[in-house]
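Taken together, the values in this text are just the output of simple stated rules run on the coordinates, not laboratory data. Note that the structure is a prediction, hence the values are computed from the model and not measured.
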Amino acid sequence: MNFTTEKAIYVQIADRLCDEILTDKYADDERIPSVREYAVLLEVNTNTTVKSYDLLASQGIIYNKRGLGYFVTAGAKQRILDERRREFMEQKLPEMFRQMRLLGIGMDDVEREWNMSGS
């Protein structure tokens, strides 16, 4: 995994796990890799991964079954979608609109690009 300097590494790891939940790699009540397994996979310190899992647990995305590991909380996918949509609408979209005004990009331009991207 290539990390950026925008966010702390443990937050980026948590975001990645959320992405995997969103793409249905892990379903509700399905076990996710252990802290150690995930740390090895991402080539990071185990303590960093622990911090990521703690963050996700505090957000209600995953839960720990003593002796069995971490599992995806029922409804986690919708919770992640709701939070990311809210964040996009409140933080990223206003900046995008500001840039569009500065650059003279209209909604027709955006729609044309959207259609060309195959989305």
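How high is the relative contact order of the chain, in percent, with contacts defined as C-alpha pairs under 8 Å that are six or more residues apart?
23
I need the shape label for the range 1-71. Rule: rounded when a/c is under 1.5, else prolate if a/b > b/c, else oblate, with a, b, c from the alpha carbon gyration tensor.
Judged from the Cα gyration tensor, the range 1-71 comes out prolate (a/c at least 1.5, a/b above b/c).
Rounded to the nearest Å, what's the spacing between the alpha carbon centres of the range 76-119 and the range 16-53? Just the number, please.
Taking the Cα centre of each part, the range 76-119 and the range 16-53 sit 28 Å apart.
Can you give the helix-only mean residue ellipticity at 222 nm for the chain, where every DSSP H stretch with n ≥ 4 adds -39500 (n - 2.57) and the sum goes over all residues, rounded to the nearest 500 deg cm²/dmol?
-17500 deg cm²/dmol
Straight-line reach from K92: which lysines fall under 23 Å, measuring Cα to Cα and dropping same-chain residues less than 8 apart?
By straight Cα distance, K92 reaches K7, K77.
Specify whether the C-alpha gyration tensor of the range 79-119 places it in the rounded, prolate or oblate class, a ≥ b ≥ c being the square roots of the eigenvalues: rounded for a/c under 1.5, otherwise prolate if a/b is larger than b/c and oblate if not.
Since a/c reaches 1.5 but b/c is at least a/b, the shape of the range 79-119 is classed as oblate.
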